[in-house]
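Take a look at the structure below.
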Amino acid sequence: MPKENSRVAEYWELLRANRIAVVGLGLLVFFALLAIVAPFIVPFDPDELVGAPFQRPSSVHLLGTNDVGQDIFSELLVGARVSLLIGLLAAMVSIGVGCVVGLVAGYFGGRIDSALMRLVDMVLVIPFLPLMILLAAYLGPSFWNLILVIGLLTWAQPARIIRSQVLSIKTRGFVEAGRAIGTPVAVILRQHVLPGVIPLALSQFVIAASQSILIEASLSFLGLGDPVTKSWGTILFYAQARGAFLTDAWLWWVVPPGLLITLVVAGFAFSGLALEEVADPKLRSR
Amino acid sequence: MLGRLLGGRMLQYVMLIVVILVLNFMLPRAMPGTPLAFLAGEDVGLMTTEQREEVMAQHGLDRPLPHQFARYMGNLLQGDFGYSFQQRRPITDILMERLPWTLLLAGANLVLTTIIGVLVGAVAAWRRGGRADAGLLATFVFMAAMPSFWIGMILVAVFAAQLGWFPVYGAYSTYAGLTGWERIVDIGRHLVLPLTSLVFISVSSVFFTMRYSMLSVLREDYISMARAKGVPERLVKYRHAMRNALLPVLTIFMLNLGFIFSGAVVIETVFAYPGIGRLLFQAVLTRDYPVLQATFLLITMTVIIANIVADLLYPLFDPRVRVR
């Protein structure tokens, strides 16, 4: 498929020329590598009590120890896995639902469309953090509950965006032509509509991942995170509970996890912005 | 036409309210085990079967679900949100105590966020593609990427714990017995850090909306027309472009009411600020389910009302909607 290839090449050129994209993708590659190698390079098992509690940074414990004597630096490295994994999986749920709803609503139109869009409007109005807190409190904190709760409450915005893209693709000649000669709906959707939606869905996915990581951090900070696997938000929960920000410990116990969250979220957000620009030529500056 | 349009929207809000109410009603009852632990805070494990049934009857939990729902709705309509078994007093009293503080914090934030976001967003749009625009864009993406509670913790560490400029937590000095002007200053000093963190995290949504809306307005024909007519650039910016670009900001302003309440949950927790958000957090910690539900209901209803008001106001500001 030479046409497809040239399109990919064009996207790639646009991405490379875009400084925001370079920064964003650079950050993402860095964190992905970190998450992969983390278990092999941690100096200590982050769950083991390896020293006296509340130690200052030293050559042994680069970022000191926490309130029970676990190595904070090791906690941070392994935490990258948890935060990234929850963010990506929740974004998959969110975009998966968003894509299906957007495609169905946009392609079939009519009653199905207006019913689905009503639903989208309703989900958009609900303040999601309080609802997530309510659900997390009832369902109990666990890895999969977090992912489902985040994913199932953030699909509405992507659904709306993908629907409008489908609507614009539908009016183009080849879809109409396909329908006129009786091509099956599944084939039209797969061959003509989906390729036009994928770049947009990808940018929405990246944006959803950045939001999911932030939401996971907030929920974990409120004590509603997965108690078994420690994410960056969980580390900050303990730092807050033990009053670390009232002592010097804020420098090595509070600053690093928050900085990592910010960088990862910004990495996703920058990449998303850049991809959005690639997917939607109207946004291109030149 | 407008009537029908609004009618459809209103129906949607009514449906949403029903969904929220049913969700609130069903959650404790759909959980495994008896709903007693969720609704009455009773230690079910220590009770005999007869005791359990007696308490169930007391709370009307032995009746069929429709009866229970009618009772639940009846209570709500009378402004009775139930009873907190942790604090041992009516939830309505607790909410009334907390509401002013959240309104102060969220209200001040809403005003500041809108002013800052609109002005900076407009500036960025005028300089589209330039250095200033790129710099502002990157800055605001980073600001939006920061966890709100983390900003709060850093501000406390630097400005309260290290420098001692502001109090560490709370909304006022509890035992100082301050009155009049001194009390206002005291409350203001307590407000600075939580408000700063809240503005920090919520200003970017206004900025992005304003920038985007300004960009699309600047591309409109009437802007080129005004320029061609020789209208001074300042006037084009302020009278022609900015006024029209403000419309989406109004929508985001109303929507922000909801996100600000939820943003305030985390911020109020960091600063132990005695508002609705911290109440929600405390209810989670102590598993005080009736309070959890009431707080959620209050926050959601506020958001829905904000949306309804936005829909009603919209035609007043945008004549195009009115004509249609």
| B:Thr251 passes all but one of (1) within 11 Å of chain A (Cβ to nearest Cβ); (2) assigned to a helix (DSSP H, G or I); (3) more than 20 Å from B:Gly82 (Cα to Cα); (4) in contact (Cβ under 8 Å) with a residue 40 or more places away in the chain; which number fails? | (1)
| task | With the condition kept exactly as written, say whether any residue in region A:110-118 is away from chain B (no Cβ under 13 Å), more than 26 Å from B:Thr295 (Cβ to Cβ) and at pLDDT below 85. | result | yes
| message | I'm checking my understanding of the structure. Among residues of region A:26-52 that are in contact with a Gly (Cβ under 9 Å, 6 or more places away or on another chain) and within 19 Å of A:Val255 (Cβ to Cβ), which one is surrounded by the fewest Cβ atoms within 10 Å (Cβ to Cβ)? | response | A:Phe30
| query | Only one of B:Ile187, B:Ile115, B:Ile154 is in the same structural domain as B:Ala283 (by TED's automatic domain parsing), part of a helix (DSSP H, G or I) and in contact (Cβ under 8 Å) with a residue 12 or more places away in the chain; which? | reply | B:Ile187
| field | Count of region B:209-231 residues which are at pLDDT below 80, not in a helix (DSSP H, G or I) and not hydrophobic (A, V, I, L, M, F, W, C) | value | 3
| query | Quick one: would you say A:Val104 is among the β-branched types (Val, Ile, Thr) and assigned to a loop (DSSP other than H, G, I, E, B)? | reply | no
| said: With the requirement that a residue be within 7 Å of another protein chain (Cβ to nearest Cβ), of a type outside the set (A, V, I, L, M, F, W, C) and farther than 20 Å from A:Ile133 by Cβ, what does region A:237-259 give you? | reply: A:Gly258
| Residue check for A:Leu131: facing chain B (nearest Cβ under 10 Å) and assigned to a helix (DSSP H, G or I) | yes
| B:Val141 being of a type outside the set (S, T, N, Q), more than 14 Å from chain A (Cβ to nearest Cβ) and farther than 28 Å from B:Thr295 by Cα | no
| field | Among residues of region A:198-231, those that are out of contact with any Phe, Trp or Tyr (no Cβ under 8 Å at 6 or more places or on another chain) and at the interface with chain B (Cβ under 9 Å from one of its Cβ atoms), counted | value | 2
| request: Please indicate, with yes or no, whether at least one residue in region A:69-86 is modelled with pLDDT of 85 or more and out of contact with any helix residue (DSSP H, G or I) (no Cβ under 7 Å at 6 or more places or on another chain). | output: yes
| query | Among the numbered criteria (1) surrounded by 24 or more Cβ atoms within 10 Å (Cβ to Cβ); (2) not in a loop (DSSP other than H, G, I, E, B), which single criterion is violated by A:Pro199? | reply | (1)
| said: Quick test of your reading of the structure: B:Glu54 fulfils all but one of (1) surrounded by fewer than 16 Cβ atoms within 10 Å (Cβ to Cβ); (2) at pLDDT 80 or above. Name the failing condition by number. | reply: (2)
| request: Among what's in region B:181-208 and is modelled with pLDDT under 85 and polar (S, T, N, Q), pick the residue that is nearest to the chain's Cα centre (by Cα). | output: B:Ser202
| field | Sole residue being more than 30 Å from B:Arg278 (Cα to Cα), over 22 Å from the mean Cα position of the chain (by Cα) and of a type outside the set (Val, Ile, Thr), chosen from B:Arg71, B:Arg127, B:Arg88 | value | B:Arg127
| Conditions: (1) modelled with pLDDT under 80; (2) farther than 24 Å from B:Ala108 by Cβ. B:Met242 meets all but one. Number of the miss? | (2)
| message | Within region A:51-67, does at least one residue satisfy the condition of being within 14 Å of chain B (Cβ to nearest Cβ) and in contact with a Ser or Thr (Cβ under 7 Å, 6 or more places away or on another chain)? | response | no
| request: Taking only region A:55-71 into account, find how many residues are among the charged types (D, E, K, R) and either farther than 17 Å from A:Leu246 by Cα or not in a loop (DSSP other than H, G, I, E, B) (or both). | output: 1
| query | Which numbered condition trips up A:Val104, out of (1) free of Cβ contacts under 8 Å to residues at least 24 places away in the same chain; (2) more than 14 Å from every other protein chain (Cβ to nearest Cβ); (3) buried (at least 22 other Cβ atoms within 10 Å of the Cβ)? | reply | (3)
| field | Odd one out for A:Thr183, checked against (1) touching a residue at least 24 places away in the same chain (Cβ under 8 Å); (2) not in a helix (DSSP H, G or I) | value | (1)
| Do you know which residues across region A:153-169 are under 18 Å from A:Ala209 (Cβ atoms) and of a type in the set (S, T, N, Q)? | A:Thr154, A:Gln157
| task | Would you mind stating whether A:Thr234 is touching a residue at least 12 places away in the same chain (Cβ under 8 Å), outside any helix (DSSP H, G or I) and away from chain B (no Cβ under 11 Å)? | result | no
| message | Among the residues of region B:104-112, are any in the same structural domain as B:Pro274 (by TED's automatic domain parsing), of a type in the set (Val, Ile, Thr), on the phi < 0 side of the Ramachandran plot and touching a Gly at 6+ places or on another chain (Cβ under 6 Å)? | response | no
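The values are calculated or read from the model by the stated rules, or taken from the named source; none is laboratory data. The structure presented is a predicted model; accordingly, all values stated were derived computationally and were not measured. All Cβ positions, even for glycine, are placed from backbone atoms using ideal geometry, and neighbour counts span all protein chains on display.
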